[in-house]
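First comes the structure, then the notes that go with it.
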Amino acid sequence: MNIVEELKAKLENASSEEIKALEQNENPIYWFLLLAEYPEFAPDSSWWFALRNRCDLPWSKLLAKQPQFEKYCHWESVSRLELMLLAYLAPEIFKRMFPQGRAHDLYAFLTPLEKAHLLIEVPEYADQVDWDEINAEFSIGEWFSLLSFQPQFEIYFDWSKVEKQPNHYWDMLLKKQPQFAIHCDFEQLYPNQRRRLKKLFEGKE
């Protein structure tokens, strides 16, 4: 059961007091992901108002599926990454809110980690990026995070950067994309990684 379904199950069997406690204590990001699928669990306006200064909320995911919640959005606090995602996932809202704006203008201000998240969420944006620039900017962690979700971008990655070398991110990548194990020298991994990966691959046999 994933986080959204776990939160849904808690709410379905909760008293009003327990629901209030969940609204206060559960990560708001999980709430946003829940509401994108199950808008009937929406808290009252005071809950939204308390989040007005949060800049880490996934507004693009929520508004792409549930545009009725736009009335609660404090646009000044929406992150540049979320604005770019919104332009792709809910373009009609972006155009209405920023009629003179171009989402691509925000790209230059993204951090490498934000660029990785952009490509994870909107892989079609790949046609608009400079992959030589990406290779110069991305750490191995950012590359492995991207490849975990969008393995097709392997064509832009130089595996010689990680082959025959230890790296903390191998188990993160191989858990989702075990086909990349051909590039991993297991003898170079840390002992705890080898144990985790051994369990992982034994489970796939």
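The values are calculated or read from the model by the stated rules, or taken from the named source; none is laboratory data. Quick caveat: nothing in here was measured; it's all calculated off a predicted structure. Don't worry about glycine lacking a Cβ; one is built from the backbone with ideal geometry, like all the others, and counts go over all protein chains shown. Only protein heavy atoms, including side chains, enter the accessible area calculation; ligands, DNA and RNA are left aside. Shrake-Rupley method; radii C 1.70, N 1.55, O 1.52, S 1.80 Å.
Some observations on this one:
- Most mobile of 165, 24, 100 in a GNM of the chain (Cα contacts under 10 Å): 100
- Selected from 93, 119, 39, residue furthest toward positive end of dipole (region 1-133; charges at beta carbon): 93
- Matching label, semi-axes √(5λ) of the Cα gyration tensor in Å computed from the structure shown, candidates (i) 38, 20, 14; (ii) 35, 25, 13; (iii) 25, 23, 15: (ii)
- Loop sites here are trypsin sites (Lys or Arg not before Pro) outside DSSP states H, G, I, E and B with no more than 11 other Cβ atoms within 10 Å. The longest part of the chain free of them is 103-163.
- Over the chain, dividing the summed -39,500 (n - 2.57) contributions of all DSSP H runs of at least 4 residues by the number of residues returns a 222 nm mean residue ellipticity of -15000 deg cm²/dmol.
- Whole-Hz ³J(HN,Hα) from phi, Karplus 6.51 cos²θ - 1.76 cosθ + 1.60, for region 147-155, glycine and proline x: 5, 4, 9, 10, x, 5, 7, 3, 4
- Acute angle (nearest 10 degrees) that the helix 16-25 long axis makes with the longest principal axis of the chain, alpha-carbon atoms: 50
- Most mobile listed residue (170, 31, 159) in the chain, GNM with C-alpha springs under 10 Å: 159
- For residue 38, the shell of other residues with beta-carbons less than 11 Å away shows a net charge of -2, using +1 for Lys and Arg and -1 for Asp and Glu.
- Look at where the Cα atoms of region 51-86 and of region 109-148 average out, and the two centres are 21 Å apart.
- Residue pairs exceeding 29 angstrom between C-alpha atoms, taken from 65/115; 8/199; 61/164; 10/95: 8/199; 61/164; 10/95.
- Heavy-atom accessible area for residue 132, with the other protein chains in place and a 1.4 Å probe, reaches approximately 130 Å².
- Unit charges on C-beta of K, R, D, E only; dipole of region 64-146, Debye: 480
- Apportionment of accessible area to carbon and sulfur, region 15-81, percent (1.4 Å): 52
- For residue 22, net neighbour charge (Lys/Arg +1, Asp/Glu -1) across residues whose Cβ lies under 13 Å away: -3
- Exposure of residue 105 as accessible area (Å², to 10), given a probe of 1.4 Å and all protein chains: 80
- Phi-based couplings in Hz for region 167-177 (Karplus 6.51, -1.76, 1.60; Gly and Pro marked x): 7, 6, 9, 4, 5, 4, 5, 6, 4, 9, 10
- Shape category assigned to region 7-48 from the gyration tensor of Cα positions, a/c cut at 1.5: rounded
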